[in-house]
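Working notes, beginning with the structure itself.
Any read-out appearing in this document is the output of simple, stated calculations on the displayed coordinates, not a laboratory observation. The shown structure was predicted, so the numbers you read here are calculated from the model rather than taken from an experiment. We place every Cβ from the backbone using ideal geometry, glycine too, and count neighbours over all the protein chains shown.
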Amino acid sequence: MRNSILNKLIFLLCLTLILGSCSESAPKISQTFWQINLMHDQNTGKNSQALTIFVMASDDDGVDDMDKMYVINDEHQLYWEISGKDLRLEKYGENELWMGSNFITMPVPEDALPSGTYRIMLLDSSGERAKTSVVINNNIKGAPDKWPTLTKGGEGLRVDGKAEYIWGIQSDGTFGGEFQVVPGVVNTGGKRFSSYYLYSYLPDKGYGLISGPF
């Protein structure tokens, strides 16, 4: 009888130690990047604003299950859930990645993104989370007189006007690749995409320009 009780106590102790050792590790945010962009829709000719937010996240258990991000502005009662095709992931090793979006827009596209504090929250599949916040200053004052354009050809892509990068978007809407704009034809290494966007940054104004889709 005593041996039976002792065996049960040993089993429960071992089970407690095993469960404790398998506890999930919470993700961490080490760096944050944000930028306001003015975006030109090639199809409608209308301009809107888009917020870029990326965080460098890490997790001792690995980062493969970190697939959801929230951006929240409490003052203006705004929030965005960024997941699936809207979430851009750039993985570095097993335990670290940059994650975020270049296309966080207002519910009414014509509205300007408000300045102020934005909270950022990451969730993994076990419900563990990481939080941080940034203070954003929207200083967009006007649109350029002429937006750059992109022409698709058999040899590659040709850009007319000022742009620094081409973003390739895949057929499912996910980010597919980034290519630096050079004089002449831009080679994408044989990769073909469903659509493209042009991006450039205006250091004297402190915001970026995005035009597309092409």
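Sites listed here are trypsin sites (Lys or Arg not before Pro) in region 45-144 whose DSSP assignment is loop and whose Cβ has at most 11 other Cβ atoms within 10 Å: 46, 141.
Entry note, region 46-104: relative contact order of 46 percent, from Cα contacts under 8 Å with a spacing of 6+ residues. Taking a virtual spin label 7 Å from the Cα of residue 205 along the C-beta vector, which residues in region 132-147 bring their backbone nitrogen under 18 Å of it? Once the point is set 7 Å along Cα→Cβ of residue 205, 137-147 turn out to lie under 18 Å by backbone N, inside region 132-147.
Dividing the convex hull volume of the alpha carbon atoms of the chain by its residue count gives 168 Å³ per residue. Here the extension length gained between residue 79 and residue 41 equals 11.4 nm, from 0.36 nm per residue of separation less the Cα-Cα distance.
Taking label positions 7 Å along the Cα-Cβ direction at both residue 64 and residue 162, the computed distance is 4.5 nm, reported to one decimal.
Please get the size of the charge dipole for the chain, origin at its Cα centre, with Cβ charges of +1 on Lys and Arg and -1 on Asp and Glu, quoted in debye to the nearest 20.
The calculation lands at about 120 debye.
Solvent-free Debye calculation, one equal scatterer per alpha-carbon of region 28-136: log10 I(q)/I(0) at 0.17, 0.23 Å⁻¹ equals -0.79, -1.28.
Among the listed pairs 68/131; 162/205; 85/162; 141/205; 68/191; 28/91, which are separated by more than 20 Å between their Cα atoms? Where the Cα-Cα span goes over 20 Å, the pairs concerned are 85/162; 68/191. Classify region 82-172: rounded, prolate or oblate, from the alpha-carbon gyration tensor (a ≥ b ≥ c, eigenvalue square roots; a/c under 1.5 rounded; otherwise prolate if a/b is larger than b/c)? Taking the square roots of the gyration eigenvalues as a ≥ b ≥ c, region 82-172 is oblate.
The relative contact order of region 149-212, computed from alpha carbon pairs under 8 Å that lie at least 6 residues apart in sequence, is 31 percent. Of 78, 122, the sequence from fewest to most neighbouring Cβ atoms within 10 angstrom is 78, 122.
Sorted fewest first by neighbouring Cβ atoms within 10 angstrom, 155, 96, 90 come out as 155, 90, 96.
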